[in-house]
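Since every read-out is calculated from the coordinates, none of them should be taken as a lab result. Since the model is a prediction, treat every value here as computed from it, not as a measurement. Cβ atoms come from the backbone with ideal geometry, glycine included; neighbour counts cover every protein chain shown.
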Amino acid sequence: MTGNIKKHPYLHPYDQCTLDELAKKYNTDKDSDRGGYVYHYETHFSPLKNKSIRILELGVREGASLRMWRDYFRNAVEVHGIDIDQRAEELNNEDGLQVTIGNLDDENFLYEFIEKTPKFDIVIDDASHKINDQLISFRNLHKLVSKGGLYIIEDIEDIDSTRLLFKELHSSCEIYDMREQKNRFDNVMVVYEF
Ligand SMILES: C[S@@+](CC[C@H](N)C(=O)[O-])C[C@H]1O[C@@H](n2cnc3c(N)ncnc32)[C@H](O)[C@@H]1O
């Protein structure tokens, strides 16, 4: 028998992983058993999965979610985190991760970060979960979101009385309220598209 041998394109094991599988692998509470945010992330992020994106997460703790983003967006050119905790600096030694130490409440720090950093396709706020901090971070860091990019805030407390505040930040505001499904008082996430 003659003919061309059809070559299968190389598939990396993570190409077939869902975000939830990666969330569980690295043990971030965004997974389906806890926060459940992975479902909404998968909806918004799957069109970007193979793109050479830049992603920034506010609040990295031990790096679980940063590792999840790195493995999900395998063609990402930058997976960057900001945290106030000096221990997060160690993540800079890990392949594909970049961390800046700083206080997100400090507008001087935010100003300097914005001045020296190119735009991101995705910004996620999973830092202090305090409403005032979330608003300060958004008002400053939304300037870093590229056209068509996403800014996401996790774990919003008291959404019933703050809904308007978050809606007023930008007209694209989409609120995902999962408090009843997950029985967590702050299981609410907001997505803005620029
Ligand atoms: C919920 S944890 C992040 C979890 C991580 N995103 C994950 O899913 O694996 C919140 C992090 O935000 C950081 N944080 C809290 N307040 C902050 C602030 N004002 N500036 C910078 N980081 C802050 C904490 O040090 C902590 O590491």
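Looking at this model, which pairs from K116/K147; K24/K51; K25/K49; K49/K119 are more than 21 angstrom apart at the alpha-carbon?
From the list (K116/K147; K24/K51; K25/K49; K49/K119), the Cα-Cα distance tops 21 Å for K24/K51.
For segment 107-194, the equivalent ellipsoid derived from the alpha-carbon gyration tensor has semi-axes of 23, 14, 11 Å in decreasing order. Charge dipole (Cα centre; +1 on Lys/Arg Cβ, -1 on Asp/Glu Cβ; no other charges) of segment 21-193 amounts to roughly 640 debye. Extension gain, N75 to E89: 0.36 nm times the residue separation minus the Cα-Cα distance gives 2.7 nm. Fraction of C-alpha pairs exceeding 24 angstrom in segment 21-193: 31 percent, rounded to a whole number. When the Cα positions of L141, I101, S46 are compared along the charge dipole of the chain, S46 comes out farthest toward the positive end, with charges on each C-beta of Lys, Arg, Asp and Glu. Here each label is just a point 7 Å from Cα along the line to Cβ, and for R179 and Y111 those points are 3.7 nm apart.
Peptides 112-120, 72-80 ordered by packing proxy, namely the average of other Cβ atoms within 10 Å per residue, highest first: 72-80, 112-120.
For the chain, the 222 nm mean residue ellipticity estimated from helices alone, with every DSSP H stretch of n ≥ 4 adding -39500 (n - 2.57) and the total spread over all residues, rounds to -9000 deg cm²/dmol. The calculated FRET efficiency for K143 paired with S46, based on their beta-carbon distance and R0 = 41 Å, is about 0.95. What the Cβ-Cβ distance of S161 and I136 gives, at R0 = 22 Å and to the nearest 0.05, is a FRET efficiency of 0.75.
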